[in-house]
Each structure stands twice: as structure tokens, then as C-alpha cells.
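Remarks on the structure that follows.
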Amino acid sequence: MNKRSIARRPQREVGTADQTRAALVHAALRLFGRKGFDGTSTREIAAEAKANIGSIAYHFGGKEGLRAAAADFIVDTIQGIAGQALGGVQATAPLDPEAARAQLFAALERMVGFIVASPQAGEIVQFVLRELSHPTAALDRIYAGVFEPTHRRLCQVWEQATGEPAESEATKLTVFTMIGQVIYFRIGREAVMRRMGWRDIGNEEAAKVVAVATDNLRAMLAARGAAAGKKGKS
């Protein structure tokens, strides 16, 4: 269907079609994450989305196209969050060390707020974990759209904050460690709640995670600063 024919359709019809498409993507995201791609039928997806089963083929060409659309939704969502914290994952404007450090703290706080406290993050992480266990073309889309550019951007900010080369092995591992400590609170959510005695992890609990994670980042930056000072004196 071309743009001209869409333009001639009533606004209500276009809006309903968009709502159906979005409902199918969200249903697929939940079910593929919970039951896996092979374990989920198109009939189940349609029922979850309260849509006609034929709308899957109409909007996405089939189940595989719907999985790709779910991956694209993840890319768009994470890009929006990363963009708010990092000024866009493709940002190239250099930062002075103080501004770069501030951006690292802002990015960490934003990550915790979404990954740890947002209910939507649970569906996204579950879907991504399935893809990481059994990679498909959907993971390629997520890696190219989110994982690599976001990690690369954080490495660039780390270099501007510390002077360590962005593409060095040490910097890349440091950034993975910074991200990983946040991800654990989502994938280990049930264990964390039991051990902490929390009934849920909401904004109040997320703030406590932010406090510890930022303390960790502060210590990492201080250690880098101390090491750089010793080198300067030698």
C-alpha cells in the first residue's frame, strides 16, 4: 500500500490500523519473550492483541516479519532513552572531562530508571535474552541498532572523561561492566527482591540501586584519576 492511497483513507481507519499494528508488536514482544518464537502461535498473538489473525500477514507478512518489527520497536525505544542521556548515540561533539563525567552519571541513572524500574523493560530484556541464547536476524537488528552504537558512544564518553582510548580493550570491558551491573537487577529481579526483602522494585528501590551504581562509577573514575596522576609524576 503506497503513501498516496493511505492519504486518501479516512483518518479513523488509518488510526485503527496503527493501533492494531502496535498491539500486535507488543503482544509478540511479550509472547516471544515468555514462550519463545517457536512456542508461540500466530493465533495466540492475535488473541493477546485482540486482533484478527489475518492482520499479522496484512501488516507484517507473517510471523517472521512480526519478530523483525518487535526487534525494531526495541531499537526505537532504547535509542530514544539513550538519546536523552547521551545526546544521541551518534553524537560526535567532544566534551570536556567534567561534562563527560556528568554524562556518564546521567546515562547510568537513566539506565537504572528504565531497565530496573520500568515494567516495559522486563518484556524487552526477556525478548533480547531469548535472541542472545538463539541468535536470529532479529538480534542482528538489535545489535546494529542498539548494542554496538550505544556501547561505542559510552566508550567515547569514557575516553573524554578519563583520557583512556575509546576502542581499547580496557575501556570496552569497563563499559560492559558498567552496563552489566544494571542489567543484573532486571534478569536477577526475583533473587534481588527475595534477598532484599522487597515486594517490588519501583522508583524507591531503583533510587537505591542508582546510589550504589553511581558510587561504583565514582570509585572507578577516581581510580583512573589516581593512576593518571602517578603516571604524570613518574
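The values are calculated or read from the model by the stated rules, or taken from the named source; none is laboratory data. As the structure is a computational prediction, the values presented were derived from the model and not from experiment. We place every Cβ from the backbone using ideal geometry, glycine too, and count neighbours over all the protein chains shown. Surface accessibility is based on the protein's heavy atoms, side chains included, excluding ligands, DNA and RNA. Shrake-Rupley method; radii C 1.70, N 1.55, O 1.52, S 1.80 Å.
Using a Cα-Cα cut-off of under 16 Å, which aspartates and glutamates could be cross-linked to LYS208, ignoring same-chain neighbours fewer than 8 residues away?
GLU109, ASP200
Report the Rg/Rh value for the range 166-229, based on alpha-carbon coordinates and the Kirkwood definition of Rh.
1.08
Between the DSSP loop rule and a limit of at most 16 other Cβ atoms within 10 Å, which chymotrypsin sites (Phe, Trp or Tyr not before Pro) in the range 159-219 are left?
Taking the range 159-219 and a limit of 16 other Cβ atoms within 10 Å, the loop chymotrypsin sites (Phe, Trp or Tyr not before Pro) found are TRP198.
Tally up the carbon and sulfur contribution to the accessible surface of the range 22-156 as a whole percent, 1.4 Å probe, everything protein left in place.
Using a 1.4 Å probe with all protein chains present, the range 22-156 comes out at 54 percent carbon and sulfur.
Once the Cβ-Cβ distance between ASN52 and SER168 is put in as r, and R0 is 45 Å, what FRET efficiency do you end up with, to the nearest 0.05?
It comes to 0.25.
Please list the helices of the chain that count as membrane-span-like by this rule: a mean Kyte-Doolittle hydropathy of at least -1.0 together with Cα atoms stretching 30 Å or more along the helix axis, each helix being a complete DSSP H run.
11-35, 63-86, 203-233
May I ask you to derive the relative contact order of the chain, considering only C-alpha pairs under 8 Å and at least 6 residues apart, and to give it as an integer percent?
Computed value for the chain: 20 percent relative contact order.
Using the heavy atoms of the protein chains and a 1.4 angstrom probe, tell me the accessible area per residue for the chain in square angstrom.
Per-residue value: 57 Å².
Determine Rg/Rh for the chain; Rg is computed over alpha-carbon atoms and Rh is the Kirkwood hydrodynamic estimate from the same atoms.
Reported Rg/Rh (Cα atoms, Kirkwood Rh): 1.05.
If you place +1 on the Cβ of every Lys and Arg and -1 on the Cβ of every Asp and Glu, how big does the dipole about the Cα centre of the range 33-105 come out, in debye to the nearest 20?
So the dipole magnitude of the range 33-105 works out to roughly 340 debye.
Find the relative contact order for the range 59-192 and round it to a whole percent, using C-alpha pairs within less than 8 Å whose residues are 6+ positions apart.
Dividing the mean separation by the residue count of the range 59-192 yields 32 percent.
List the aspartates and glutamates whose Cα lies under 15 Å from the Cα of LYS172, skipping any in the same chain that are fewer than 8 positions away.
GLU148, GLU159, GLU164
Say R0 is 45 Å: what FRET efficiency, to the nearest 0.05, do THR177 and ALA22 get from their beta-carbon distance?
So the FRET efficiency works out to roughly 0.80.
Give the peptides 23-32, 110-119, 187-196, 73-82 in descending order of average Cβ contacts within 10 Å, highest first.
The packing order, highest mean first, is 23-32, 110-119, 73-82, 187-196.
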